[in-house]
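The values are calculated or read from the model by the stated rules, or taken from the named source; none is laboratory data. Just so we're clear, the structure is a prediction, and the values are computed from it rather than from any experiment. Cβ sites come from the backbone with ideal geometry, for glycine too, and all protein chains shown count toward neighbours. When the accessible area is computed, the model is the full protein with side chains, heavy atoms only, and any ligands, DNA or RNA have been set aside. Shrake-Rupley method; radii C 1.70, N 1.55, O 1.52, S 1.80 Å.
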Amino acid sequence: MKIAHISDLHVCTRRNFSNIKNARRLLEHIINNNYDHVVITGDITENGNEKEFRLIRKLLEEFNLLDTNKLSVVIGNHDIYGGIQFAEDIIGFPEKCSRTNYKMKLREFEVYFREAFERIYAPGDDFFPYAKDLGEVVLLGINSISEYSKMKNLFASKGKISESQYDGLREIFSSGKYMDKTAVALVHHHFYKVPFFSFSNESSIWARIENEAMKLRGRKKFLKFLQSGNVKLALHGHVHESVEYSKKGIRCLNAGETFRPGFPERISYNSITVDGASIMTENVVLPDKKELKLRESYPQMQVVCF
């Protein structure tokens, strides 16, 4: 089975308009390369508003991806609380988050991507956590978004796995339905301290603030729990970089740099091939426009990008 893993599209109608164009180019490339399934691990929109959700739905429909057999999604913090685009947004953002109805936004997300939630096994009160049987692979969709708290989650970007999520996963694991399948967890938040690769001093004030504001609380407990469920692979986003690493014997892939901030022409995604017990991964970088023009002008010439 061949899976394309993307994340943090941040489709926006207020700024970052290039993300809309890039999303279309990305999906076209995935379709043309015959992937069996597409996984999006949160922050699909920038502001979590109706206009942005309708726009991404239109794009997915354009490529015939609004199908549970072709698409799986989990929610990101931007899909609930939105984000900060301009300096003047900073002061009012916590107040905006405090007025956001968490449960209502979760329901809205499930409605906007309703086709992706068809024929899943979701033992809880909502669609998270869920198990989706894709034959030799079972996808476990988990909501890692922590509710806003003035004291514990001021900018609504921290993560936490709720007890109801644990209860649902326990029921999924204990059901025995998926024991013979490769289990892949889908979650928005990461399992390491940021920045993973730092070109500056990690003791800097900004690095400490970033790590504290974006972390997944209780990540060691969560990883141990996934390990107990024989999860082999975890796919996530949240931090805008593309890395592969291992935690508690679980392979982890970040696709948060699907669109690299500040580099509008760079597009990448994770390619995962599951063949029995074998899992092969690759970070695929789409050729930029200059390379494409060279290929069109000199079709026999091999163009190598570094």
Taking S200 and the conditions (1) polar (S, T, N, Q); (2) assigned to a loop (DSSP other than H, G, I, E, B); (3) modelled with pLDDT of 90 or more, which numbered condition does it fall short on, given that it satisfies the others? (3)
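Name the single residue, out of those in region 28-52 being in contact with a strand residue (DSSP E or B) (Cβ under 6 Å, 6 or more places away or on another chain) and of a type in the set (S, T, N, Q), that is nearest to T68 (Cα to Cα). Before you say what the answer is, go through the steps one by one.
Narrowing region 28-52 to residues in contact with a strand residue (DSSP E or B) (Cβ under 6 Å, 6 or more places away or on another chain): 30, 35-42, 45, 52.
So of that shortlist, the ones also of a type in the set (S, T, N, Q) come out as 41, 45.
On the way: T41: 15, T45: 20 Å.
If we take residues in region 28-52 being in contact with a strand residue (DSSP E or B) (Cβ under 6 Å, 6 or more places away or on another chain) and of a type in the set (S, T, N, Q), then T41 is nearest to T68 (Cα to Cα).
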For N254, which of the numbered conditions (1) closer than 20 Å to S72 by Cβ; (2) at pLDDT below 95 fails to hold? (2)
How many of the residues making up region 203-219 are at pLDDT below 90 and buried (at least 16 other Cβ atoms within 10 Å of the Cβ)? 2
Those residues that are at pLDDT below 95, within 25 Å of E163 (Cβ to Cβ) and either in contact with a strand residue (DSSP E or B) (Cβ under 9 Å, 6 or more places away or on another chain) or part of a helix (DSSP H, G or I) (or both), I need them from region 85-125; list them, please. G124
For G276, work out the one condition from (1) in contact (Cβ under 8 Å) with a residue 60 or more places away in the chain; (2) crowded, with 20+ Cβ neighbours inside 10 Å it doesn't fulfil. (2)
Which of the residues that make up region 143-176 are closer than 12 Å to L216 by Cβ and not polar (S, T, N, Q)? I145, K158, G159, K160, I161
Please enumerate the residues belonging to region 69-110 that are under 30 Å from E136 (Cβ atoms) and open to solvent by 30 Å² or more (accessible area, probe 1.4 Å). N69, K70
Tell me, yes or no, whether region 235-249 has at least one residue that is modelled with pLDDT under 80 and charged (D, E, K, R). no
